[in-house]
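Take a look at the structure set out below.
What follows draws every value from the coordinates through simple rules; no lab data is involved. Please read all numbers here as calculations on a predicted model, not as lab measurements. Cβ sites come from the backbone with ideal geometry, for glycine too, and all protein chains shown count toward neighbours.
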Amino acid sequence: MNIVYSSSDSYAPIAGVSIMSLLYNNRDADDLRIYMIDNHISYTNKERFQKLVSEYGREITFIPKPDLEKETGVTIETGRWNISTFFRLFLCTILPKDIDRCIYLDCDTVVRHSLKELWETDLGSCIVAAVDDCRSDRYKTELGLPEDSTYTNNGVLLIDLAGWREHEVEKDFLDFIVAHNGDITYVDQGVLNGVLAKRKLVKQIHTKYDAMTIFFDFNYEELLKVRRPEHHLSEQEYNETVSDPYIIHFTSCFYSGTRPWNQKNDHPFVDDYLKYKEMSPWRDTAPLPDDRKPAKKLMTTVCRTMPKGLMIASISVVHSKLYPMVRARKSKRKGA
């Protein structure tokens, strides 16, 4: 089982907690190799990664980050994300050529169960598997996708690298980035969906493998009202996801605001994060302050203060209509 992460030095303690959870809950795996795309990780943190992984009889390989802006010739807009998020699109080049399949995990994840079932998923004619992102169809149409297309989250990906090489997807990814002047809604997620979903090469898997924060901030009915996804998961899948997630993805969310490495976070599975942090070499790392911009903090405060029904109705318009409309107009002005 090949597992890939991509981290900067500032995110190393968070990635360390994820790797700790991965190692602990996959002790019975016959083979588990970790590859870390190195975006200036310090020597100290690399030593901690090495020590942790060796304690479980596994190996970790650090791989230098690519220079994507040199490759594309455009400035890539990352917004609130790090350039590291784009690296998963170029794993065919980044990873050793003899690796034909891998699982990519975002650093802000915690693995709660064995990934054997995910690893052995039959992709059929697809070349990547991921979880539906529970979004309005407007996010698809902005990318030129039909409304019945998949639109998945990039936080957890099962990738058929042999298939990626065969389809030469890296060239298509680069062309897509250049065509959009490096400015794509939800960055690399927009690229993957814009290229592979259009060709029906993405297999949608159970949401339990990428349980995002918004699933815990809202119940099933509220979630559908907030996001207005025309094609969405069933209530049974939702309940299975929030009651026993296989991989928790601690994404940011306007309603809860903070994340488990911040002070005073109240995510329902924050104890899982703290449990694996305590088991890791980063156990003494102090909780981080809430360093969001004032406008973000104000939004969380307002949303938590408003009557929930009114708040959901207001946010729903922003999520499902206004934001994708603004993005679409911006892309049109740029000629993408």
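Computed over the chain, relative contact order equals 20 percent, with contacts defined as Cα pairs under 8 Å that lie 6+ residues apart. Expressed to the nearest 5 percent, the antiparallel share of DSSP beta bridges inside the chain is 35 percent. Among the chymotrypsin sites (Phe, Trp or Tyr not before Pro) within the range 205-295, not one is in coil by DSSP while having at most 16 neighbouring Cβ atoms inside 10 Å. Fewest-first ordering of Asp188, Asp132 by other beta carbons within 10 Å of each residue's beta carbon gives Asp132, Asp188. In terms of the Cα gyration tensor, with a ≥ b ≥ c the square roots of its eigenvalues, is the range 219-261 rounded because a/c is under 1.5, prolate because a/b exceeds b/c, or oblate? It comes out oblate by the Cα gyration axes. Phi-derived couplings, Karplus 6.51 cos²θ - 1.76 cosθ + 1.60 at θ = phi - 60°, listed residue by residue for the range 228-244: 6, x, 5, 10, 9, 5, 7, 5, 5, 5, 4, 5, 5, 5, 6, 7, 8 Hz, with x used for Gly and Pro.
Dipole size of the chain about its Cα centre, with +1 on Lys/Arg Cβ and -1 on Asp/Glu Cβ: approximately 1340 debye, rounded to the nearest 20. With the simple spin-label model, which puts each label point 7 Å out from Cα in the Cβ direction, the Ala162 to Glu117 separation comes to 2.5 nm. Distance cut-off 24 Å, Cα to Cα: go down the list Lys198/Lys321; Lys65/Lys293; Lys140/Lys321 and report the pairs above it. Too far apart for the 24 Å limit: Lys65/Lys293.
Let me know the shape class of the chain, please: from the alpha-carbon gyration tensor, a ≥ b ≥ c as square roots of the eigenvalues, rounded when a/c is under 1.5, otherwise prolate if a/b is greater than b/c, or oblate. Verdict is rounded for the chain.
Which FRET efficiency, nearest 0.05, do Lys308 and Lys46 yield, Cβ-Cβ r, R0 56 Å? The calculated FRET efficiency here is 0.80.
With neighbour counts taken as other beta-carbon atoms within 10 Å, the residues His167, His180 rank, fewest first, as His167, His180. Residues considered: Gly190, Gly124, Gly163. Largest GNM mean-square fluctuation over the chain, using C-alpha springs under 10 Å, is found at Gly124. Taking the number of Cβ atoms within 10 Å of each Cβ as an exposure proxy, the fewest-first ranking of Ile37, Ile103, Ile19 is Ile103, Ile37, Ile19. Estimated from helices alone, the mean residue ellipticity of the chain at 222 nm is -11500 deg cm²/dmol (sum of -39500 (n - 2.57) over DSSP H runs with n ≥ 4, per residue).
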